[in-house]
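Beneath this line is the structure, given in structure tokens, with notes to follow.
The values are calculated or read from the model by the stated rules, or taken from the named source; none is laboratory data. A quick note: this is a predicted structure, and the numbers were derived from the prediction, not measured. A quick note on method: Cβ atoms are made from the backbone with ideal geometry, for glycine too, and the neighbour counts reach across all protein chains shown. Just so you know, the surface numbers come from the protein's heavy atoms only, side chains and all, with ligands and any DNA or RNA stripped out. Shrake-Rupley method; radii C 1.70, N 1.55, O 1.52, S 1.80 Å.
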Amino acid sequence: MTSSSAPAPASPGAPQSSGPLRRLTARGRDEAHRVSSPLELFFDLCFVVAVAQAGVQLVHAVAEGHAGDGILNYAMQFFAIWWAWMNFTWFASAYDNDDALYRVVTLVQIAGVLVLAAGISQAFQRHDYLVVWLGYLIMRLAMAAQWLRAARSAEGAERAMASRYACGVLLCLVGWLGLVVLPGPARPWVFLVMAIVEMCVPLFAEKNYETAWHPHHIAERYGLFTIIVLGETISAATVAVKSAVDEHDALGELLPIAAGGLLIVFSAWWIYFVVPIHGHLRSNGQAFLWGYGHYLIFASAAAIGAGLEVAVEHAVGKTHISTLSASAAVTLPTALYLLTVWGLHSRHFKVGIAQQLVLPVTALLVICCTFLGDWAVLAAGLVSAAAVATGVTLTARMTGRERAASATAPAG
């Protein structure tokens, strides 16, 4: 049965099909019903493969007693993954037209992160960054191509902005070669300098013209990646527990870790999504600080999973570290996550000193749980869950008082 009614016209700037090639022009910041596309969701899932590889290597480094070196390598690898993901996310929010060429170039970026993921173990174990750099090269060349295409379709200040982005991306690729050609002691300094330079590219490119990113779309994209990272954390911890139970029959020792880990991850999800952050993203200044700060949110969320794996391996005697170190592998990234989520957006929606103190105090208590030995993870989970319950209670009381005040207020 066919219908004679014509399809409703698409909103201005919205992608209509993946068929013929179209100009890559900016979409509207006030576009209605803007949601993540299937390509963006696929992009996220592929990127989390690299996150998982970095987590696996962090587990090995911490379990072998090389926490300092492992954390440094983890920070470096995670930055490459996060920065490429973030650049694509903000570009797509402003310019995604979903035609065939756009899709192909995006798939090339996905191929690049898979190459990068394949080189993470070499970077951790032998400090060989060649494969990681090649993967990053593929991703960033594709990103530069997208910006050049946007520049070709634009005029005036917008064209200059897109061209500056493309040039900045390409020049940074040359700087990252230092990780490949310079001696080992210089590489952490190369990373520090180049990370700062990379983060300055958007500030420089958009000094005269701001991209038309969509606040609701950006908030959703970051939220979805947070969910995927937390899901990877649960997956990694579950595999670790299953392996320990199968090989060592240590269910009694692992139950507190499993229960505490679930409470931590469930609380992390609740705390992140309890507030609608898109209303806070009104300018580039606010958005850049919020977006850049998510490096710590994503990295700490993924590190919680690695820490739970370390705690499981320690419980069955497979590590060369103390109980205190194994506990800290979970509690420290959990505390960092809580503080960063509070600092980036939760605090903007808290009313009164009691609500503002919930997450900072919870982070401090979670750190204190580090010293509780074999019960540290469970205690940290209970503290995190108590923070959620406290937040819900305080919000309910405030809402109740507001309703009561509204009911007793004189009409007119």
Computed [θ] at 222 nm, helices only, for the chain once each DSSP H run of length n ≥ 4 contributes -39500 (n - 2.57): -26500 deg cm²/dmol
Percentage relative contact order, the chain, counting C-alpha pairs under 8 Å, at least six apart: 17
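State the volume of the convex hull built on the alpha-carbon positions of the chain, expressed per residue in Å³ and rounded to an integer. Before the final figure, lay out each step's value.
Working: hull volume 83.9 nm³, N = 412.
Hull volume normalised by residue count: 204 Å³.
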Cα-projected label distance for residue 189 with residue 354, points at 7 Å along beta-carbon direction, nm: 5.3
Accessible area per residue in Å² at 1.4 Å probe, computed on the stretch 66-209: 39
Most positive-pole-ward Cα, 311, 262, 392, against dipole of the chain from beta carbon charges: 392
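Set the Förster radius R0 to 45 Å, insert the Cβ-Cβ distance between residue 393 and residue 286 as r into 1/(1 + (r/R0)^6), and round the FRET efficiency to 0.05.
Values: r = 29 Å, r/R0 = 0.65.
With R0 = 45 Å, the Cβ-Cβ based efficiency is 0.95.
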What percentages make up the Cα-Cα pair-distance distribution of the stretch 146-288 when the bins are 5 Å wide from 0? 2, 8, 11, 11, 11, 12, 13, 12, 9, 5, 3, 2, 1, 0
In whole percent, and with a 1.4 Å probe on the protein chains, what portion of the accessible area of the chain is carbon and sulfur? 69
Could you give the distance between the Cα centres of the stretch 126-165 and the stretch 179-243, to the whole Å? 16
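Are there trypsin sites (Lys or Arg not before Pro) in the stretch 186-246 that DSSP marks as loop and that have at most 16 other Cβ atoms within 10 Å, and which are they? Working shown, then result.
Working: sites: 207, 221, 242; in loops: 207.
In loop regions of the stretch 186-246 (DSSP not H, G, I, E or B), the sparsely surrounded trypsin sites (Lys or Arg not before Pro) are 207.
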Considering the chain as a Gaussian network with a 10 Å cut-off on Cα pairs, which listed residue, 60, 214, 127, attains the greatest mean-square fluctuation? 127
Once you have a ≥ b ≥ c as the square roots of the Cα gyration tensor eigenvalues for the stretch 231-273, tell me rounded if a/c is under 1.5, and otherwise prolate or oblate according to whether a/b is larger than b/c. oblate
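Going by the alpha-carbon gyration tensor, a ≥ b ≥ c the square roots of its eigenvalues, is the stretch 184-256 rounded (a/c under 1.5) or, if a/c is not under 1.5, prolate (a/b greater than b/c) versus oblate? It would help to have the intermediate numbers written out before the result.
Numbers: a/c = 6.28, a/b = 1.83, b/c = 3.43.
Because a/c hits 1.5 or more and a/b fails to exceed b/c, the stretch 184-256 counts as oblate.
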Which listed residue (186, 51, 200) has the Cα farthest towards the positive end of the charge dipole for the chain, taking +1 on Lys and Arg C-beta and -1 on Asp and Glu C-beta about the Cα centre? 200
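Would you please give the FRET efficiency between residue 361 and residue 199, computed as 1/(1 + (r/R0)^6) with r the Cβ-Cβ distance and R0 = 45 Å, to the nearest 0.05? If you can, show how the numbers build up before the last one.
Working: r = 31 Å, r/R0 = 0.69.
Calculated transfer efficiency: 0.90.
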Where a label projected 7 Å from the Cα of residue 374 along Cα→Cβ would reach, residues of the stretch 315-335 with amide N under 16 Å: 315-319, 322-327
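Can you give the longest run of the chain that contains no GluC sites (Glu not before Pro) sitting in a DSSP loop with at most 13 other Cβ atoms inside 10 Å?
156-412
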Suppose R0 equals 41 Å; then what is the FRET efficiency for residue 262 and residue 182 from their Cβ-Cβ distance, rounded to the nearest 0.05? 0.40
Pair residue 246, residue 37: separation of 7 Å Cα→Cβ label points (nm): 4.0
